[in-house]
Structure formats: C-alpha cells, structure tokens
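See structure below.
The values are calculated or read from the model by the stated rules, or taken from the named source; none is laboratory data. Not measured: the values here are computed from a predicted model. Here the Cβ is made from the backbone with ideal geometry for all residues, glycine too, and neighbour counts use every protein chain on show. Please note that ligands, DNA and RNA were not included when accessible areas were found on the heavy atoms of the full protein model with its side chains. Shrake-Rupley method; radii C 1.70, N 1.55, O 1.52, S 1.80 Å.
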Amino acid sequence: IYFAPTFKLQKNSDQYKRKRQPGWTDRILFRSNNSLLKLVNYDSNNLVRISDHRPVFAQFMLHFNKKDKDNLEVS
C-alpha cells in the first residue's frame with residue numbers, strides 16, 4: 001500500500017481524528033487462480049471528503065482469448 005491511511009478522517013478535511021488511530025480499513029479483495037487477472041493500480045481518492053473514510057479503487061487487466069461466433073479461438 002503506497003497511500004496514506006483512509007480512515008478515521010474528519011469530514012471535509014485532510015486531518016485525522018485525534019482520538020482514533022489512522023488505518024487502512026477499506027480494501028478491495030480479489031483472487032485469480034491463474035494469470036488472467038492482474039492488478040494494475042490500487043489507490044485512494046483524497047478528493048472525496050463526504051465521510052470519515054476515503055474511497056479506494058483498483059484497476060485490473062483482464063487477459064482472455066477472443067472467440068468467434070462458432071466458439072472457436074481467434075488469435
């Protein structure tokens with residue numbers, strides 16, 4: 001994780017609440033049994049300040065074989 005803690009911030013602020021320990025409570029879980037799904041980016045959005053959490057997002061690359069209308073693999 002290469003971004004600041006996403007929880008317990010004051011609403012409409014970048015300041016953490018003093019009585020709480022900052023943490024990374026929001027996460028995205030995924031599993032790929034093979035190399036079809038690859039994580040490209042995992043980050044938080046610090047521009048959304050309507051909550052005491054900052055939203056997190058992930059971007060993935062999905063590899064698959066294209067098939068034609070007869071369900072045959074196409075290179």
Worksheet item: If we keep just the residues of the stretch 46-55 that are surrounded by 10 or more Cβ atoms within 10 Å (Cβ to Cβ) and not acidic (Asp, Glu), which is nearest to ASN65 (Cα to Cα)?
Response: PRO55
Item to complete: Could you grab the pairs with beta carbons closer than 8 Å, sequence gap of 6+ or different chains, first residue in the stretch 21-34 and under 16 Å from TYR2 (Cα atoms), second one among the small types (Gly, Ala, Ser) and in a loop (DSSP other than H, G, I, E, B)?
Response: PRO22/ALA4
Worksheet entry | First in the stretch 56-75 and more than 21 Å from LEU39 (Cβ to Cβ) and at pLDDT below 85, second anywhere and open to solvent by 90 Å² or more (accessible area, probe 1.4 Å) and not in a strand (DSSP E or B), Cβ under 8 Å, 6 or more apart | GLU73/ASN65; VAL74/ASN65
Worksheet, complete the sentence: Taking the stretch 23-45 and the residues there that are part of a strand (DSSP E or B) and under 14 Å from GLN59 (Cβ atoms), the one that is most open to solvent (accessible area, probe 1.4 Å) would be LYS38
Item to complete: Hey, could you check the stretch 1-22 for residues that are surrounded by 12 or more Cβ atoms within 10 Å (Cβ to Cβ) and within 15 Å of the chain's Cα centre (by Cα) and say which is nearest to HIS63 (Cα to Cα)?
Response: PHE3
Worksheet, complete the sentence: Within the stretch 3-22, residues being assigned to a strand (DSSP E or B), among the hydrophobic types (A, V, I, L, M, F, W, C) and out of contact with any Gly (no Cβ under 8 Å at 6 or more places or on another chain) number 1
